[in-house]
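Take a look at the structure set out below.
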Amino acid sequence: MINPEFIDNNEVMDREKIFKSIGFCSQDDLALLDNTVKENLTFLAKIRGVAKEAIESEVMSIMERMNLVSSQNHLVCDLHQEQRKKLSVAIALLNNPRIIMMDEPTSGIMRRL
């Protein structure tokens, strides 16, 4: 049986710490389509373990970095594909993970020359 813990600088880390240290950006959109950009990020920040008192600032910071502030109150289902991809990357960046896994994060986005 494989032990679910791993060692980082001689410190044993549990599954929750491992989960919090990895961000994932899927080829498919993982956001909830009937919620706004901000609602998605806030909900997923809670799941990703962002401290309760830091959620609002973390969400705003991510939206600013990903240029999503003007879309924060739009439903995800109403966003263009490029904005949805930005949201997917923003979700992966929540809680400043040490590792980010990306599965074709630019698929479906028109290439700009």
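The values are calculated or read from the model by the stated rules, or taken from the named source; none is laboratory data. Quick caveat: nothing in here was measured; it's all calculated off a predicted structure. Because the Cβ atoms are built from the backbone with ideal geometry, glycine has one as well, and the counts that use them run over all protein chains shown.
Among the residues of the stretch 45-59, those identified as surrounded by 20 or more Cβ atoms within 10 Å (Cβ to Cβ) and touching a residue at least 40 places away in the same chain (Cβ under 8 Å) are 45, 48, 50. Restricting the first member to the stretch 7-33 and to residues that are farther than 26 Å from residue 85 by Cα, and the second to residues that are at pLDDT below 75 and surrounded by 10 or more Cβ atoms within 10 Å (Cβ to Cβ), the beta-carbon pairs closer than 7 Å and six or more apart or on different chains are 12/5; 13/5; 13/6; 14/5.
Name the single residue, out of those in the stretch 72-82 being in a helix (DSSP H, G or I) and modelled with pLDDT of 90 or more, that is farthest from residue 47 (Cα to Cα).
Pass one, the stretch 72-82, residues in a helix (DSSP H, G or I): 76-78, 81-82.
So of that shortlist, the ones also modelled with pLDDT of 90 or more come out as 76-78.
Values: 76: 19, 77: 21, 78: 24 Å.
Ranking the candidates gives 78 first.
Determine whether the stretch 60-71 contains at least one residue that is among the small types (Gly, Ala, Ser), assigned to a loop (DSSP other than H, G, I, E, B) and surrounded by fewer than 16 Cβ atoms within 10 Å (Cβ to Cβ). Break it down into steps so the answer makes sense when it comes.
Initially, the stretch 60-71 is screened for residues among the small types (Gly, Ala, Ser), giving 61, 70-71.
Within this subset, residues satisfying the condition of being assigned to a loop (DSSP other than H, G, I, E, B) are none.
Checked the stretch 60-71: no residue is among the small types (Gly, Ala, Ser), assigned to a loop (DSSP other than H, G, I, E, B) and surrounded by fewer than 16 Cβ atoms within 10 Å (Cβ to Cβ).
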